[in-house]
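Chemist: Shown below is the structure under consideration.
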Amino acid sequence: MTIKLPIYLDHAATTRTDPRVVEAVLPMFTENFGNPGSRNHSFGWRAEEAVETARRQVADLLGAEPKEIVFTSGATESNNLAIKGAAYMYAKKPAGETGRGHIITAMHEHKAVLDPCKRLQKEGFDVTYLQPQRDGLITRAMVEAAMREDTILVSIMWANNEIGTINEIPEIGALCHERNVVFHTDATQWVGKMPTDVNRDNVDLLSLSGHKIYGPKGVGALYVRRRRPRVRLTAIQEGGGQERGLRSGTLNVPGIVGLGKACELCAQEMDNERDRLLALRKHIEEKVTTALDVVQINGHPDKRLPHLTNISFGFVEGESLMMATKEIAMSSGSACTSASLEPSYVLKSLGIGDDLAHSSLRISMGRWTTKEEVDYAADKIIEAVRKLRDLSPLYDMHNEGIDITKIEWQAH
Amino acid sequence: MAYSDKVIEHYERPRNVGTFGTQKEIKERRDIGVGLVGAPECGDVMQLQIKVDDSGRIEDAKFKCFGCGSAIASSSLATEWLKGKTLDEGLSIKNTQIVEELSLPPVKIHCSVLAEDAIRAAINDYKTKNGITADTKAHAH
């Protein structure tokens with residue numbers, strides 16, 4: 001079998017839209033183009049019907065009721081609505097005062113969680129940012145230790161986007177329910193890949209995104225629990241009162257239909273896909289760790305997403321590694337491309353040294369990734385690491401028994 | 001990010017990769033000057049070694065680099081330029097010349113600064129080893 005280059009191994013960034021999704025979406029642009037808010041003609045009714053079908057498809061993937069799904073523009077908006085909306089609704093004191101309530105989240109959350117939390121801090125809320133363990137795990141015990149009398153909200157991602165570590169979500173949810181605290185999870189990387197049941201897993205608010213699960217970009221959803229307990233939110237975007245007043249704005253019907261179809265396909269294919277991708281992940285990890293020394297697989301050894309691996313290659317810099325493997329699309333833990341020169345804050349929060357954080361690759365596989373592609377990528381990565389180590393003064397020092405952490409480097 | 005053709009060319013066929021010996025051996029050789037600049041946590045470390053002949057001319061130069069493509073290209077270029085130069089001529093190489101030659105974008109200018117620092121450090125190391133007054137003018141970071 002011939003391999004088509006470039007190879008896409010960055011499915012945690014985004015996925016190709018499934019052709020079956022595209023097929024479902026297209027008529028919504030041309031034939032079924034109505035505004036679901038038009039209550040007095042058939043164009044509106046048909047569009048509304050399509051949206052309600054999608055709402056059920058999303059709800060079914062989560063074990064939720066259709067009424068509990070709010071369509072948004074993506075996981076970033078869902079996170080903003082969940083976190084700010086819950087904080088404003090359950091605030092203990094009015095705007096302008098301090099001590100308005102306590103929120104717990106973690107240092108290695110996505111920026112779309114961290115930045116809303118930072119804003120709330122400026123608005124009089126207190127936020128605790130939990131430091132993950134070295135494997136990236138956030139446990140129930142860690143959340144419990146941070147709980148206070150005035151804790152109103154906990155936001156912990158289901159699985160981390162850079163390292164794939166799966167947090168103790170059902171356990172943290174149970175804790176929150178015991179303490180009457182609202183529990184939000186950013187499930188962008190989890191949903192559609194792993195079985196989800198918001199009731200079994202004790203989740204009150206859950207963010208998801210269309211384009212991570214073979215659906216379109218620009219659409220996502222927020223699950224908002226309606227029973228046991230009923231969770232209420234203050235709307236962030238105001239206007240025409242769509243989505244039960246929680247998210248005003250004409251519905252993105254093509255996007256929503258695409259998200260619904262994507263969810264339906266994930267529900268059907270998840271079990272097979274998970275096993276297949278896990279086998280591929282184990283294959284690439286084994287191949288790379290067998291061929292190279294000073295390699296570290298980041299994240300939790302077992303509690304980790306099946307399709308994603310984050311590997312640090314000692315003494316090799318991430319960006320040059322990407323350059324040497326340019327026909328393979330992956331992500332680097334090094335942010336050398338930005339002006340900051342800061343490596344990934346996620347890897348840093350795990351206590352991984354800056355040198356190894358600069359030397360990491362995130363490889364994420366998807367629905368169409370083949371064994372041949374993974375083999376090809378592994379061979380290329382191994383070849384590139386060897387080439388760059390031949391160039392690396394740090395690898396020489398390592399081989400001469402010099403501890404590079406003991407050298408007084410001149411940071412510039 | 002898009003790299004210039006020259007960066008890609010140096011990256012794919014780096015010139016003068018290597019060392020004149022182990023760290024320990026190099027320390028004892030008076031004809032070799034070494035510059036080791038940067039820091040692993042910043043994602044760039046350059047090691048530049050020059051071999052100076054009896055007449056004070058740089059007869060050979062070698063580098064190793066841990067860093068991005070632009071850092072590798074900058075150090076590769078530096079070795080090319082150093083060969084055949086006197087120490088003073090070597091010291092006159094400026095980072096802006098490297099920026100120009102490799103068409104480095106603004107976020108990569110630090111790579112050229114690092115290369116200039118490496119040149120300076122290697123020449124000064126040679127001078128110190130041989131009892132010549134070193135040029136103390138270093139880059140402020």
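Chemist: Suppose the filter is outside the structural domain of A:E327 (by TED's automatic domain parsing), assigned to a helix (DSSP H, G or I) and not hydrophobic (A, V, I, L, M, F, W, C); does A:R39 pass it?
Modeler: Considered against the rule, which asks whether it is outside the structural domain of A:E327 (by TED's automatic domain parsing), assigned to a helix (DSSP H, G or I) and not hydrophobic (A, V, I, L, M, F, W, C), A:R39 comes out as no.
Chemist: From the list B:L91, B:L36, B:L82, which one is under 24 Å from B:G131 (Cβ atoms) and within 12 Å of chain A (Cβ to nearest Cβ)?
Modeler: The conditions single out B:L36.
Chemist: Separate question: Looking at the structure I just gave you, is B:N16 in contact with a strand residue (DSSP E or B) (Cβ under 9 Å, 6 or more places away or on another chain) and either farther than 24 Å from A:M322 by Cα or within 14 Å of chain A (Cβ to nearest Cβ) (or both)? Spell out how you get there, then give the answer.
Modeler: On the way: in contact with a strand residue (DSSP E or B) (Cβ under 9 Å, 6 or more places away or on another chain): yes; either farther than 24 Å from A:M322 by Cα or within 14 Å of chain A (Cβ to nearest Cβ) (or both): yes.
In short, yes.
Chemist: Let me ask another. It is to be established whether one or more residues within the stretch B:62-69 are more than 10 Å from chain A (Cβ to nearest Cβ), out of contact with any His (no Cβ under 9 Å at 6 or more places or on another chain), buried (at least 24 other Cβ atoms within 10 Å of the Cβ) and over 21 Å from A:P343 (Cα atoms).
Modeler: So far as the stretch B:62-69 goes, no, none of its residues is more than 10 Å from chain A (Cβ to nearest Cβ), out of contact with any His (no Cβ under 9 Å at 6 or more places or on another chain), buried (at least 24 other Cβ atoms within 10 Å of the Cβ) and over 21 Å from A:P343 (Cα atoms).
Chemist: Only one of A:D375, A:D403, A:D390 is surrounded by fewer than 15 Cβ atoms within 10 Å (Cβ to Cβ), charged (D, E, K, R) and more than 11 Å from chain B (Cβ to nearest Cβ). Can you tell me which?
Modeler: Within the list A:D375, A:D403, A:D390, the selection yields A:D403.
Chemist: For a quick check of your reading of the model, give me the residue pairs whose first member lies in the stretch A:139-159 and is closer than 24 Å to A:T196 by Cβ, whose second is assigned to a helix (DSSP H, G or I) and polar (S, T, N, Q), with beta-carbon atoms closer than 8 Å and at least 6 apart or on different chains.
Modeler: Pairs found: A:S155/A:N79.
Chemist: Which of the following residues is in contact (Cβ under 8 Å) with a residue 40 or more places away in the chain, away from every other protein chain (no Cβ under 14 Å) and over 30 Å from A:V70 (Cβ atoms): A:L280, A:L265, A:L251?
Modeler: Exactly one of A:L280, A:L265, A:L251 is in contact (Cβ under 8 Å) with a residue 40 or more places away in the chain, away from every other protein chain (no Cβ under 14 Å) and over 30 Å from A:V70 (Cβ atoms), namely A:L280.
Chemist: Within the stretch B:1-29, track down each residue that is touching a residue at least 40 places away in the same chain (Cβ under 8 Å) and among the small types (G, A, S).
Modeler: B:S4, B:G18
Chemist: Still on this model: For A:G44, state whether it is open to solvent by less than 20 Å² (accessible area, probe 1.4 Å) and part of a loop (DSSP other than H, G, I, E, B).
Modeler: Against the criterion (open to solvent by less than 20 Å² (accessible area, probe 1.4 Å) and part of a loop (DSSP other than H, G, I, E, B)), A:G44 does not qualify.
Chemist: Select from the stretch A:162-189 the residues that are touching a residue at least 40 places away in the same chain (Cβ under 8 Å), surrounded by fewer than 24 Cβ atoms within 10 Å (Cβ to Cβ) and over 22 Å from A:G124 (Cα atoms) and list them in ascending order.
Modeler: Of everything in the stretch A:162-189, those that are touching a residue at least 40 places away in the same chain (Cβ under 8 Å), surrounded by fewer than 24 Cβ atoms within 10 Å (Cβ to Cβ) and over 22 Å from A:G124 (Cα atoms) turn out to be A:I166, A:H177.
Chemist: Still on this structure, please answer the following. Quick one: would you say A:E77 is touching a residue at least 60 places away in the same chain (Cβ under 8 Å), assigned to a helix (DSSP H, G or I), of a type in the set (D, E) and open to solvent by 30 Å² or more (accessible area, probe 1.4 Å)?
Modeler: The answer is yes for A:E77.
Chemist: For the stretch A:302-319, what are the residues that are within 14 Å of chain B (Cβ to nearest Cβ) and open to solvent by 10 Å² or more (accessible area, probe 1.4 Å)?
Modeler: Start the filter on the stretch A:302-319 by keeping residues that are within 14 Å of chain B (Cβ to nearest Cβ), which leaves A:312-319.
Residues satisfying the conditions are A:F315, A:E319.
The values are calculated or read from the model by the stated rules, or taken from the named source; none is laboratory data. Everything quoted here is computed from the prediction, not taken from an experiment. Every residue, glycine as well, gets a Cβ built from its backbone with ideal geometry; the counts of neighbours run over all protein chains shown. In case anyone asks, the SASA skips ligands and DNA or RNA and just uses the protein heavy atoms, side chains included. Shrake-Rupley method; radii C 1.70, N 1.55, O 1.52, S 1.80 Å.
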